[in-house]
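Step one of this worksheet: look at the structure below.
Quick note: the coordinates plus some simple rules give every number you see, no bench work behind them. Quick caveat: nothing in here was measured; it's all calculated off a predicted structure. Because the Cβ atoms are built from the backbone with ideal geometry, glycine has one as well, and the counts that use them run over all protein chains shown.
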Amino acid sequence: MSLRNALLAMLTSQPMTGYDVYKNFQTSVGYVWHAPDSQIYPELRRMEQDGLIRGESVQWGKRGTKKRYSITEAGVESFQTWLNAPPEYQRERDPVRLRAAYLEWAEPKASTEFFRAHVAYHSSRIEDWEDMIRALRDHSNPTLAKRIEGKPADEAARITAYKVFAYEGMIARARAEIAWAKRGLELVEQLEAGISRPPDDGGTRP
Ligand code: VNL
C-alpha cells in the first residue's frame, strides 16, 4: 500500500511515462521509500486497473508511442484519504537490534566491525539526505521543480517545507543510530576486554 502512495505522490507532480515515474522516483521519494523497478512497473499496471491512474498513448519519436500516466480523480481521492487517516504502525522487525541482542555469540572483532559499518552506512545516508535538502531548498530537484512550476511563491515554500522536514526526520534518526553504534563500540570494548576464550569449545559458548 505504501508503494502505491509513493507512486501516486510522483504523479501528483505531473503526468509521466512509466520510465519517467521510475526515474523521478529514484531521485525523490525513493530516498524515503526504496523500491526497485521490478516493483514499480507492475504496481503502476495494477493502479491503472484500479482506476487510480490513467494511461494514454502519446507520440514517441517518429513512429513509436508510449504510455503516459496521469493521476485520476479517484487517485487523488485515494491519496488524500491515506494522508487524512490516522497513521498505521507495524510492529518492529529490526535486524540490527536483533543482532545486537546476541553479540555475546559473536567474535569481538566482528561486533566492532558491525558497529563501525553501522556508523559508516548512516553517515553516508545523512550526506545524501543533506544533498537532497539543498536540492529542495534551491528547487533544483527536477520532481519538485515540476511540482511547483507556476505556483505562487508561498505555495512553493509550503510544498518544499514539508519535503525538507521529512529529510530532517531521516537525518535525526540516522544521527541517533550513529550515537547508538558509537556506544556499542565502547560497550564491546568494555565487555570483551577481559574475556579470554578457548579457540573452539564445540559451538556451545558462551
Ligand atoms: C519530491 C521531490 C519528493 C524530491 C521528495 O522526497 C524529494 C516531490 C519525498 O516533489 O515529490 O526528495
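Taking each DSSP H run with n ≥ 4 as -39500 (n - 2.57) and averaging over every residue of the chain yields -20500 deg cm²/dmol at 222 nm.
Near the amide H of Thr72, within less than 5 Å, lie the amide hydrogens of Ile53, Arg54, all on another chain or at least 5 residues away, with H placed in the peptide plane. Dividing the mean sequence gap of close Cα pairs (under 8 Å, 6+ apart) by how many residues the chain holds gives a relative contact order of 23 percent.
The ellipsoid equivalent to the alpha-carbon distribution of the chain has semi-axes of 44, 20, 16 angstrom, derived from the gyration tensor eigenvalues as √(5λ) and listed largest first.
Loop-located trypsin sites (Lys or Arg not before Pro) across region 147-195 with a Cβ neighbour count of 15 or fewer within 10 Å are lacking, with loop assigned by DSSP.
Take Ser78, Ser123, Ser57 and order them by how many other Cβ atoms sit within 10 Å, fewest up front. Don't jump to the answer; show the numbers that get you there.
On the way: Ser78 19, Ser123 14, Ser57 10.
By the 10 Å Cβ count, ascending: Ser57, Ser123, Ser78.
Does region 25-88 come out rounded, prolate or oblate, given a ≥ b ≥ c as the square roots of the eigenvalues of its C-alpha gyration tensor, rounded meaning a/c under 1.5 and, failing that, prolate meaning a/b above b/c? Oblate, because a/c is 1.5 or more while a/b does not exceed b/c. Net charge of the neighbourhood of Met170, taken over other residues with C-beta under 13 Å away and scored Lys/Arg +1, Asp/Glu -1, is -2.
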